[in-house]
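Here is the structure we will look at.
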Amino acid sequence: MMDRFRMIFQYFQSNSESVMNGICGLLALASVKMYICFDFSCPCLPRYNMAYGLGIMFIPPIALFLCGLILNRQSLVMLEEWRRPQGRRKKDLAVMRYMCSSIMQRAMVAPVIWIIITLLDGKCLICAFSSSVDPETFVGFANTSPLQVQQLLAKVPCKDDELMRNNTSRKAVTRYLRCWSQALGWSILLILIVAAFLARWLRPCFNQATLLQARHWSNYIDIEQKIFEETCCEHSRLFAHKCILHFFKSIREEIKMHSFDLPREGEEAEGEEDLLQGITDQDQVNKLLKMWYYEKPPLDVSQATQRHPLGRERSPPPWAESSGTRYKFPRHTNV
């Protein structure tokens, strides 16, 4: 059982699209659950009905939309790609458009579901527009002053109000507004389904090569950022390990007396030097991170293999040059 959970976790960790689709589905279910649990209570006042009804209809979708943007990791990756300096790697507007379209589509699912549910239920529209119906269409509002008509129409959503208990037109107004609300909700749902159908079936008619390229490089940007962060974390761990060992050198004998198992000098793991790659002080790390931001390497790995072929000595990186001397990468030396 634990192996299955581990495989599922690794799958979602390595597949950003699956993670984003899962988050999109969870937000959609959360929007439905929130509306079901929400206690809708119209104020039944002429000045506040519309503000309350439209606020319940549109403010939660805005919050859900922002949550979808926040939880989508690709939104931050897209902003970083858009804001980064040109450097040695050109920016591809088609990739950023594809990422923006994908982010917006996923973020809009939960808000659209909330709006459709509120329209099919009808309470928000009844509360918002009960004061806007034409009173002459309904018999129960005859022989009343305009001020009383507005008060009565504002109290249509409140069926327990004393003024509306004996009013014969309250149910008629409610049915009229609910009919319009449900018609609007089903129309929006039908439009979305038709749009999704056309987008699905008309996509092969457009240039598929451009779409594949945009999708490939959008995934590459996300994976590259993840690998860079993981490599930085590994380097930070080894860098901290080296600093701590140097700190405890002065009290090595005292630690040995307490039976702590410290490695002897020269017995550190051979692989640590390779992972540190000669970046052994704070200035070099800061320069490396600055170079990564301002001058990302071009997307051409053939240049790296030609410049640093296997078995030959590598040329020193720019951050290893200081005081007119050049740093040479040792094969097996203690940093």
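The values are calculated or read from the model by the stated rules, or taken from the named source; none is laboratory data. Keep in mind that this is a model prediction, so the values were computed, not measured. Glycine gets a Cβ as well: all are built from the backbone with ideal geometry, and neighbour counts include every protein chain shown.
Among the helices (runs of 4 or more DSSP H) confined to the stretch 69-132, the ones with at least 2 residues that are in contact with a Cys (Cβ under 7 Å, 6 or more places away or on another chain) and buried (at least 16 other Cβ atoms within 10 Å of the Cβ) are located at 93-121.
State yes or no: is Val173 part of a loop (DSSP other than H, G, I, E, B) and either within 19 Å of Leu125 (Cα to Cα) or within 29 Å of the chain's Cα centre (by Cα) (or both)?
Values: part of a loop (DSSP other than H, G, I, E, B): no; either within 19 Å of Leu125 (Cα to Cα) or within 29 Å of the chain's Cα centre (by Cα) (or both): yes.
Criteria not met by Val173.
Cβ-Cβ distances below 6 Å connect the following pairs, each with a first residue in the stretch 64-80 that is more than 22 Å from Glu224 (Cβ to Cβ), a second residue that is among the hydroxyl-bearing types (Ser, Thr, Tyr) and at pLDDT below 90, and a separation of six or more residues or different chains: Leu64/Ser31. Could you go through the stretch 98-112 and let me know if any residue there is out of contact with any Ser or Thr (no Cβ under 6 Å at 6 or more places or on another chain) and more than 30 Å from Leu192 (Cβ to Cβ). Within the stretch 98-112 (the criterion being out of contact with any Ser or Thr (no Cβ under 6 Å at 6 or more places or on another chain) and more than 30 Å from Leu192 (Cβ to Cβ)), the answer is no, since none of the residues qualifies.
Scanning the stretch 211-231 for residues that are hydroxyl-bearing (Ser, Thr, Tyr), closer than 19 Å to Lys90 by Cβ and exposed (fewer than 15 other Cβ atoms within 10 Å of the Cβ) turns up just one, Tyr220.
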